[in-house]
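The values are calculated or read from the model by the stated rules, or taken from the named source; none is laboratory data. Source: prediction; values computed, not measured. With ideal geometry, Cβ positions are generated from the backbone for all residues, glycine too; neighbour counts draw on all protein chains shown. In case anyone asks, the SASA skips ligands and DNA or RNA and just uses the protein heavy atoms, side chains included. Shrake-Rupley method; radii C 1.70, N 1.55, O 1.52, S 1.80 Å.
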Number of protein chains: 2
Amino acid sequence: MPLLVMKFGGTSVADLERIKNAAMKVKREVDRGYDVIVIVSAMSGKTNELVGWVEGTSPLFDAREYDAVVASGENVTAGLMALTLQEMEVPARSWQGWQVPINTTSAHSAARFVDIPRENIDTKFAEGMKVAVVAGFQGVSPEGRITTLGRGGSDTTAVAFAAAFGAERCDIYTDVDGVYTTDPRITSKARKLEKIAFEEMLELASLGAKVLQTRSVELAMRYKVRLRVLSSFEETDEKSGTLVCDEDEIMESKVVNGVAYSREEAKITLVTVEDKPGISAAIFAPLAEAGVNVDMIVQNISEKDYEEYPGSVTDMTFSCPVNQVARARKAMEEARAAGTIDYEELVVDTEVAKVSVVGIGMRSHAGVAARMFKALADENINIKVISTSEIKISVLIDRKYMELAVQALHDAFELEQA
Amino acid sequence: MPLLVMKFGGTSVADLERIKNAAMKVKREVDRGYDVIVIVSAMSGKTNELVGWVEGTSPLFDAREYDAVVASGENVTAGLMALTLQEMEVPARSWQGWQVPINTTSAHSAARFVDIPRENIDTKFAEGMKVAVVAGFQGVSPEGRITTLGRGGSDTTAVAFAAAFGAERCDIYTDVDGVYTTDPRITSKARKLEKIAFEEMLELASLGAKVLQTRSVELAMRYKVRLRVLSSFEETDEKSGTLVCDEDEIMESKVVNGVAYSREEAKITLVTVEDKPGISAAIFAPLAEAGVNVDMIVQNISEKDYEEYPGSVTDMTFSCPVNQVARARKAMEEARAAGTIDYEELVVDTEVAKVSVVGIGMRSHAGVAARMFKALADENINIKVISTSEIKISVLIDRKYMELAVQALHDAFELEQA
């Protein structure tokens, strides 16, 4: 029997009415001849309620108890979804993480899958069950304690089940109807993509597109799980949404397929750093320890200082989320006080944003960067930092030009047209 | 290490503040040198929320899914209680039913204990854990599905753990401060009992006293678990509350220790029933099948009919809760239509109440019934039906005299004085 994995997020199962709506989508796939594994999140708001209680007990809570409490939200939805399917005469039952079992590491609140044995669920499919409703976001540790994968982990659960059970596809039902060339709130020209390659989706997810969790895309790419993103709140059919798949499945790709942005960025420059081996490690190790998510890094010879102290100094610039600036500054000042690094000045610019273009076509096309920089120059937008990967070019610019930059790049790469 | 079981009901853990209050009571016992097993209910209101959702999915829901959903309420409290204890530096962890494991039958929503192996919890006590916080009201079936014991089952969980672990005592913390000679809302002369025998508590529980679930008292009696009922909301010490114990522990007992009542009773009489062997079974089997909880039963020769059809007819009277009268009537009419029973008329009196006196002293004292009937006669209260057991006398009377009857009996048996 061909098998599908279908995942419904918190807003898609927020109340009994929505659970029923989701169950109807599941029933339709069963009627088409599929066995289905449904992965559910907690009803929206419930996880926050549970987390609030845990945080209310203690500022330094035991992550094992946190997991045991918080995982209950998904268990409730799983039971209600199974009941709703049964009411539609679809043979269904719920599965909690320990019942499958979803074996994970013991890293509570950030657990990783070890394995998902198929035996228990396969036995029930063989006995006539058509739908296994699995509580997302959770598992069980080797010690028999309940674990969670961290927030948003239900997407990852869905992909892991699709890989373990060799699903034909993993459908992620959410509150948007697919992946767009850019955020439709920024330009009405944004176009829904029919297909997008794993690598592109991965870049978009890490660049701030909120459709899918980065880790779930990584996992899908590794196990070649075809992912489909589509809306819970619309009529959907086989052609709905956006398919995230191997690039081989995409006949012809444009050079650029998406424009992403991240609004709350900050740029930090350490002015006149001694330029010697090991200096990067001396700077970035304390930042990592302080939990600062450093994104772009640029090292450039500071011309004026070069004349004064030839060959011995540089400026080091990096970006991080705005709300981590205080932590970054503290880490740098402590490192300077400890004598592990030295710099003249720490210059912070909290008024920047990151804009990126992404496309697997870049690999085989020259001139993408030039086209991007020209489009920005035509709008008089100054580029402060540039960083590139094989299929992505990101720039930091003044935050006030962010929307303008996104619109200009969407036009320049003709993303409106399929 | 001596061991205590402490159980906190839903109102005792209704929010974080109350959980903290309960945790302080647990800590005090740990400080006194006890290992403690804490049994918790769901935060009050949560079980109703979960049940409401389940009932919203389907009128004929799968009890296995009901159990999986509803049991999550206790899991949340168990985690929060463990966290709160940890914050007080008491080594504690939560246990869900399947983790202990609490092995039960597969009778979902009405499961019974099969066994509670001590190994897992004992291992943790040996490693330094001082408190095991166990989710009440739940277990796991031989098939690995989550079961529940039915509502109020957390008292039963507490007693079962006390029996399995040989606890010195099982303290049931609730919203009243003990067991009273009668309901203090009916007479201010009601007195809190220091001790009460299992048998008496059992009668009082089945007669409508809401302090303890009948089944938990049965279990405590069978395994000789000393139960103490006391308040979550007051300062308590070793002498607080009421101890429910073996009668050997009670030095001197009065003839009557309590007056119980049940307000919403109905009396149903089948007039002129053929008096032949098997007629009782023919009447009460369909009532049981229809889910009518028949309580008192009286069969009496109907004088006037006796003259018409000598020796062959009788009247059959029974009582049941008022809200089951419609069901009872339907069952009787169907049985008559099917020809398995025959009667002239079905007379229903929905305006009655049951008042009972309970005391193990009755066994060795004559004249208790006479004293009861005289007290009621002195108030001109007519007795409609009488039923007795070894340690209890119950009467059905007009509902409007119920409070008066309770007060009169409380006075007549001098329950105000210890």
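Determine the sum of side-chain charges near A:GLY128: Lys and Arg each +1, Asp and Glu each -1, restricted to other residues whose C-beta is under 15 angstrom from that of A:GLY128.
Combined, the nearby Lys, Arg, Asp and Glu give -2.
Give me the aspartates and glutamates in straight-line cross-link reach of A:LYS20: C-alpha distance below 15 Å, same-chain residues under 8 apart excluded.
A:GLU29, A:GLU87, A:GLU89, A:GLU234, A:GLU235, B:GLU55
Quick one: if the Förster radius is 56 Å, what FRET efficiency do B:ASN380 and A:ARG222 give, using the C-beta to C-beta distance and rounding to 0.05?
For R0 = 56 Å, the calculated efficiency reads 0.05.
Filter the chymotrypsin sites (Phe, Trp or Tyr not before Pro) in segment B:191-290 down to the DSSP loop ones having no more than 16 other Cβ atoms within 10 Å, then list what survives.
Listed in order of number, the matching sites are B:PHE233.
In a GNM of chain B with a 10 Å cut-off on Cα contacts, which of B:ALA126, B:ALA190, B:ALA160 has the highest mean-square fluctuation?
Of B:ALA126, B:ALA190, B:ALA160, the most mobile in the Gaussian network model is B:ALA126.
Between copies, how far does the label point of B:GLU333 sit from its twins, in nm, shortest first, when each point is 7 Å from Cα along Cα→Cβ?
8.5
Given a 10 angstrom Cα cut-off, can you work out which residue in A:ASN48, A:ASN21, A:ASN75 is the most mobile in a GNM of chain A?
The residue with the greatest mean-square fluctuation here is A:ASN48.
I'd like the interface area for chains B and A: accessible area of each alone minus the complex, both sides summed, 1.4 Å probe, protein heavy atoms only. What is it in Å² to the nearest 100?
Roughly 3000 Å² of accessible surface disappears when B and A pair.
Listed here are the pairs A:LYS192/A:LYS267; B:LYS25/B:LYS210; A:LYS192/A:LYS224; B:LYS189/B:LYS354; A:LYS25/A:LYS46; which of them are more than 25 Å apart at the Cα?
As for pairs spanning more than 25 Å Cα to Cα, those are A:LYS192/A:LYS267.
Sort A:SER141, B:SER253 from largest to smallest accessible area, using a 1.4 Å probe on the heavy atoms of the protein chains.
Ranked from most to least accessible, the order is B:SER253, A:SER141.
In deg cm²/dmol and to the nearest 500, what is the mean residue ellipticity at 222 nm of chain B if only DSSP H runs of at least 4 residues count, each as -39500 (n - 2.57), divided by the residue total?
Estimated from H runs of four or more residues: -10500 deg cm²/dmol.
DSSP loop (so not H, G, I, E, B), at most 14 other Cβ within 10 Å: list which GluC sites (Glu not before Pro) in segment A:116-173 pass both filters.
Passing sites in segment A:116-173 are A:GLU127, A:GLU143, A:GLU168.
Antiparallel versus total DSSP beta bridges in the protein assembly as shown: what percent is that, nearest 5?
60
Counting only Cβ atoms, what residue of chain A lies nearest to the axis that sends chain A onto chain B, and how many whole Å off?
Output: A:SER72, 2.
For segment B:3-175, place one equal point scatterer on every Cα, skip the solvent, and apply the Debye formula. What is log10 of I(q)/I(0) at q = 0.12 Å⁻¹?
-0.48
Name the trypsin sites (Lys or Arg not before Pro) in segment B:172-274 that are in a loop by DSSP and that have at most 13 other C-beta atoms within 10 Å, would you?
When the trypsin sites (Lys or Arg not before Pro) of segment B:172-274 are filtered for loop state and at most 13 Cβ neighbours within 10 Å, B:ARG185, B:LYS210, B:LYS224, B:LYS239 remain.
Using only alpha-carbon positions, what ratio does the radius of gyration of segment B:259-412 give when scaled by 2.2 N^0.38 Å?
Its radius of gyration relative to the 2.2 N^0.38 Å reference: 1.12.
Determine the sum of side-chain charges near A:ILE146: Lys and Arg each +1, Asp and Glu each -1, restricted to other residues whose C-beta is under 13 angstrom from that of A:ILE146.
-2
Report Rg (one decimal) and Dmax (nearest whole number) for chain B, counting Cα atoms only, units Å.
Reported Rg and Dmax, both Å: 24.0, 81.
Mind jotting down the distance between the C-alpha centroids of segment A:195-265 and segment A:320-365, whole Å?
For segment A:320-365 versus segment A:195-265, the Cα centre distance is 27 Å.
Could you run the Karplus curve 6.51 cos²θ - 1.76 cosθ + 1.60 with θ = phi - 60° over segment B:3-11 and give me ³J(HN,Hα) per residue in whole Hz, x for Gly and Pro?
Calculated HN-Hα couplings, in order: 10, 10, 10, 10, 10, 10, x, x, 6 Hz.
For the protein assembly as shown, what does the convex hull of the Cα positions come to per residue, in cubic angstrom?
Dividing the Cα hull volume of the protein assembly as shown by its residue count gives 210 Å³.
Treating each Cα of segment B:182-260 as an identical point scatterer and ignoring solvent, apply the Debye formula and state log10 I(q)/I(0) at q = 0.15, 0.26 Å⁻¹.
The Cα Debye sum returns log10 ratios of -0.53, -1.47.
List for segment A:13-54: residues with 50 Å² or greater reduction in accessible area, all protein chains versus chain alone, probe 1.4 Å?
For segment A:13-54, once contacts with the other chains are taken into account, A:LEU16, A:TRP53 lose 50 Å² or more.
Would you work out what percent of the accessible area of the protein assembly as shown, with all protein chains in place, is carbon or sulfur (probe 1.4 Å)?
Carbon and sulfur: 48 percent of the exposed surface of the protein assembly as shown.
Please compute the net charge surrounding A:PHE61, taking Lys and Arg as +1 and Asp and Glu as -1 over other residues with Cβ under 11 Å from its Cβ.
-4
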